[in-house]
Amino acid sequence: MLRKLLSFICCILFLTLLNTAGAAGRGTILFVPLDNRPVCLEYSVNSMQAAGWNVETPPEEYIASNHRSGNPDKLYEWLAERAPLANAVIVSSDAMLYGGLVDSRTHHIDREVLKERAERLVSLKDLGGDPLVYVFTTIMRSPRASAAPVEPPYYAEWGSRIFQLGELEDREDLKEITRRERKDLKRLRKEIPAEVRADNMKRRALNIEMTELLLHGVESGDFDYMLIGRDDTAQFSQAHKEARKMGILVSELPKERIRFFAGADQLGMVLLNRAANRLSYDIPMVFAAYGDGKGKNTIPSYEDDPVDISVNEHIHAVGGWPTKYLHRADMVLLVNTPASGVTLEASAPSNNGTVTRQQERFMKKLDYFMQQNKPVAVADIAYGNGADNALVKELFNEGKAYRIAAYGGWNTAGNTIGFALSQGLLAPRMTEAGKDNLLNIRYLDDWAYQANVRMKVSAELIWPNHWPNSGLNSEQLVAAEKLIAKEMKNTAAPLMTEKTVDEYKFNLPWQRMFEVRVAQK
């Protein structure tokens, strides 16, 4: 009798757990993005919604845009009102402290104001409702060259030398500096105005201090999970130097509550996916495979770790587990790496669409994994800032472009890996039409625009007219978007069909050539 009673109780508990999981899966996730760029906001939210999740975001006027700083106080008020009713809260600390990613590089906010904002972020759980609280932040980047408005105004003149200074100081700190480099370091310290160096380092130090304050949220359990992203970090740079020291602090915290890896714009998507997995009680097993040649040992441009480290860190961050056993895997992440291990820009002459043995062998690997009935997400990192033209051509020519679970080929390797992995894991919950729409957006954005149309329009319109790549006025914007629409059809229609391309519209949301917004009409 006792045995039957225990069996009955276990059965009831199991059914209750299933009902709880189902209810949680239909719950609400609050999301405060870095800013309103499509990859940070629209693409991430649309991916979750396609998989059936309810994601709420703040009113857009509170979120940073190309012409407006975000409003940390309004964002907090919105969270305070909604958090007690949510199952999970995913928050960009850059938005909550500074206003957004660009503001984190350009702000002049008083230290005490930032400290107060950091402390209230750590206390989010005190708002009630006991949601999961996930926070992502970034180590301030060290760009080789950049300019206002995404960097302080002095970057137009001093940006490249500020990068060189940071690179040499990093080498000096690591005791890997040559005699010639010491002379260059001494020269740069004299050349760069003291006030420029002081402004740059003051902001960097302040941002690091605020990140260290946020680490208390991990230590205390107020944050259920935290991601720290290294934004555009070269192998030797000021950002790499700061990340190395931050890594010492992170290593003392429990790995089940914090991760630290390359990238920034994908972090929100990664944590949204983690929330989905946690609320569904899923721990997906992911098998990673790479292109021939340097493969997993490739160190991509804009990053400072071999790609296999980045992949494994991303898998853990989404709430999954890397596996070396294909038969145990829920999904395969197939990473397209260059044979040489050098990730050139997508605008490089070598990215001309000619199919080589590298792409042929990659497609054979894809065939093999598909034959094992495993969903495959393709992370195309052979080039930076755009897709491998030959690979995309093969995906369409072999009829596999819509048979894969997800595709990514944009910006940095970390950005691509985070999106491809996350969308791939969400794909089983999507309708076929929903999955295909997300694939279309990635092909049109990462392949058609980033690897082809962006440079073509720049060469034919922007540069001949001496227009800026960033900060286009209204007349220039209209002309650029008109030519982009034309060239997108010319580029994409031969592979994707004219009918498919006609279903989408294209615009430049930040009035610059760097990113395009692809959306269904």
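The values are calculated or read from the model by the stated rules, or taken from the named source; none is laboratory data. Note that the structure is a prediction, hence the values are computed from the model and not measured. Here the Cβ is made from the backbone with ideal geometry for all residues, glycine too, and neighbour counts use every protein chain on show. The protein model used for the area step is the full one, side chains on, heavy atoms only, and it has no ligands, DNA or RNA in it. Shrake-Rupley method; radii C 1.70, N 1.55, O 1.52, S 1.80 Å.
What to note about this one:
- Among the residues making up the stretch 358-373, those that are touching an Asp or Glu at 6+ places or on another chain (Cβ under 8 Å) and either buried (at least 24 other Cβ atoms within 10 Å of the Cβ) or among the basic types (Lys, Arg) (or both) are Arg361, Phe362.
- Within the stretch 216-244, the residues that satisfy the criterion of being more than 20 Å from Ser310 (Cβ to Cβ) and either loosely packed, with under 15 Cβ neighbours inside 10 Å or without any contact (Cβ under 8 Å) to a residue 40 or more places away in the chain (or both) are His216, Glu219, Ser220, Gly221.
- Residue satisfying condition, being farther than 20 Å from Ala406 by Cα and modelled with pLDDT of 95 or more, within set Ala329, Ala348: Ala348
- Of everything listed in (1) within 21 Å of Ala288 (Cβ to Cβ); (2) in contact (Cβ under 8 Å) with a residue 12 or more places away in the chain; (3) open to solvent by 10 Å² or more (accessible area, probe 1.4 Å); (4) not acidic (Asp, Glu), the single unmet condition for Asn389 is (1).
- Any hit, the stretch 262-272, residues being out of contact with any Asp or Glu (no Cβ under 8 Å at 6 or more places or on another chain) and open to solvent by 20 Å² or more (accessible area, probe 1.4 Å): no
- Number of the exception - Tyr402 against (1) open to solvent by 20 Å² or more (accessible area, probe 1.4 Å); (2) over 23 Å from Gln49 (Cβ atoms); (3) in a loop (DSSP other than H, G, I, E, B): (2)
- Which numbered condition Glu167 fails, given (1) part of a helix (DSSP H, G or I); (2) touching a helix residue (DSSP H, G or I) at 6+ places or on another chain (Cβ under 7 Å); (3) surrounded by 17 or more Cβ atoms within 10 Å (Cβ to Cβ): (2)
- Flag for Phe287 being part of a strand (DSSP E or B) and either closer than 30 Å to Gly129 by Cβ or open to solvent by 10 Å² or more (accessible area, probe 1.4 Å) (or both): yes
- Residues within the stretch 53-102 that are open to solvent by 50 Å² or more (accessible area, probe 1.4 Å), in contact with a strand residue (DSSP E or B) (Cβ under 6 Å, 6 or more places away or on another chain) and part of a helix (DSSP H, G or I), tallied: 1
- Identity of the residue in the stretch 309-328, out of contact with any helix residue (DSSP H, G or I) (no Cβ under 8 Å at 6 or more places or on another chain) and of a type in the set (S, T, N, Q), that ends up nearest to Met285 (Cα to Cα): Thr323
- Qualifying residue in the stretch 474-484 (condition: modelled with pLDDT of 95 or more, assigned to a loop (DSSP other than H, G, I, E, B) and open to solvent by 10 Å² or more (accessible area, probe 1.4 Å)): no
- Residues of the stretch 134-150 that are over 14 Å from Pro33 (Cα atoms) and modelled with pLDDT of 95 or more: none at all.
- Top-ranked residue of the stretch 133-161 - restricted to ones that are over 25 Å from Ser92 (Cβ atoms) and in contact with a helix residue (DSSP H, G or I) (Cβ under 8 Å, 6 or more places away or on another chain), ranked as surrounded by the fewest Cβ atoms within 10 Å (Cβ to Cβ): Ala145
- Any chance Asn437 is within 24 Å of Asn46 (Cα to Cα) and open to solvent by 10 Å² or more (accessible area, probe 1.4 Å): yes
- Residue that is nearest to Arg259 (Cα to Cα), among those in the stretch 317-330 that are assigned to a helix (DSSP H, G or I) and open to solvent by 40 Å² or more (accessible area, probe 1.4 Å): Arg328
- Residue check: Glu256 meets all listed conditions (1) more than 30 Å from Glu172 (Cβ to Cβ); (2) surrounded by fewer than 21 Cβ atoms within 10 Å (Cβ to Cβ); (3) of a type outside the set (Val, Ile, Thr); (4) touching a residue at least 12 places away in the same chain (Cβ under 8 Å) but one, namely (4).
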